[in-house]
1. Scan the stretch 13-24 and give yes if some residue there is loosely packed, with under 14 Cβ neighbours inside 10 Å, assigned to a helix (DSSP H, G or I) and in contact (Cβ under 8 Å) with a residue 24 or more places away in the chain, otherwise no.
2. Considering only residues that are over 26 Å from residue 81 (Cβ atoms) and surrounded by 14 or more Cβ atoms within 10 Å (Cβ to Cβ), which ones fall in the stretch 1-12?
3. Quick one: which residue in 110, 104 is out of contact with any Cys (no Cβ under 6 Å at 6 or more places or on another chain) and open to solvent by 80 Å² or more (accessible area, probe 1.4 Å)?
4. Residues in the stretch 106-122: is at least one farther than 18 Å from residue 5 by Cα, more than 13 Å from the chain's Cα centre (by Cα) and of a type in the set (Val, Ile, Thr)?
5. Output the number of residues of the stretch 25-34 satisfying the condition of being of a type outside the set (A, V, I, L, M, F, W, C) and open to solvent by less than 100 Å² (accessible area, probe 1.4 Å).
6. I need the full set of residues from the stretch 83-105 which are of a type in the set (Ser, Thr, Tyr) and over 13 Å from the mean Cα position of the chain (by Cα), in order please.
7. Need the failing condition index for residue 98 against (1) at pLDDT 90 or above; (2) surrounded by fewer than 17 Cβ atoms within 10 Å (Cβ to Cβ), just the number.
8. Would you tally the residues in the stretch 35-61 being assigned to a helix (DSSP H, G or I), in contact (Cβ under 8 Å) with a residue 12 or more places away in the chain and open to solvent by 40 Å² or more (accessible area, probe 1.4 Å)?
Amino acid sequence: MKKHPLSSYLLDVTGLSLLLCFATLFLMLVVPKEYLSLNIPYYIVMFFFVNLGSYVFLYYSPEKTKINFNQAFFLTRIVKFSVYAAVLVTVLLAHIEKNIKFAFAYIIIFLMFQIFDTIKLTKLAKEKK
């Protein structure tokens, strides 16, 4: 039996988030604290909810609105990038963390979620055609 795309995505994004959390926990045990951001779990949660929300929007919007998949895709990309940039600028300008620790953690998590998102959205685009 084939899983519903939303439940499949939810399981996969949860698995990725848990994998990143366990990797972070391992790194916190191995790497000295001055080299590692302690806010990584919060960033993972943010990326989890932003990606989940964008996927749900991409799944339902072509059916419920007059926009097609490509327009919805670009709209979600712009909104996601805006959220990510807003968090990045806020943390850097407010000096919440040291810049190098934050930037390294944020970029790694960003890349992991973008690779995951690209793979899953490619599958969704093939299903929608």
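1. Yes, the stretch 13-24 contains at least one residue that is loosely packed, with under 14 Cβ neighbours inside 10 Å, assigned to a helix (DSSP H, G or I) and in contact (Cβ under 8 Å) with a residue 24 or more places away in the chain.
2. Listed by number, the list is empty, since nothing qualifies.
3. Unique residue meeting the criteria: 104.
4. Checked the stretch 106-122: no residue is farther than 18 Å from residue 5 by Cα, more than 13 Å from the chain's Cα centre (by Cα) and of a type in the set (Val, Ile, Thr).
5. The total comes to 1.
6. Within the stretch 83-105, 90 is the sole residue that qualifies.
7. Of the numbered conditions (1) at pLDDT 90 or above; (2) surrounded by fewer than 17 Cβ atoms within 10 Å (Cβ to Cβ), the odd one out for residue 98 is (1).
8. 5
The values are calculated or read from the model by the stated rules, or taken from the named source; none is laboratory data. Just so you know, these numbers come straight off a predicted model, no measurement behind them. Because the Cβ atoms are built from the backbone with ideal geometry, glycine has one as well, and the counts that use them run over all protein chains shown. Quick note on the areas: whole protein, heavy atoms, side chains included, nothing else; ligands and nucleic acids left out. Shrake-Rupley method; radii C 1.70, N 1.55, O 1.52, S 1.80 Å.
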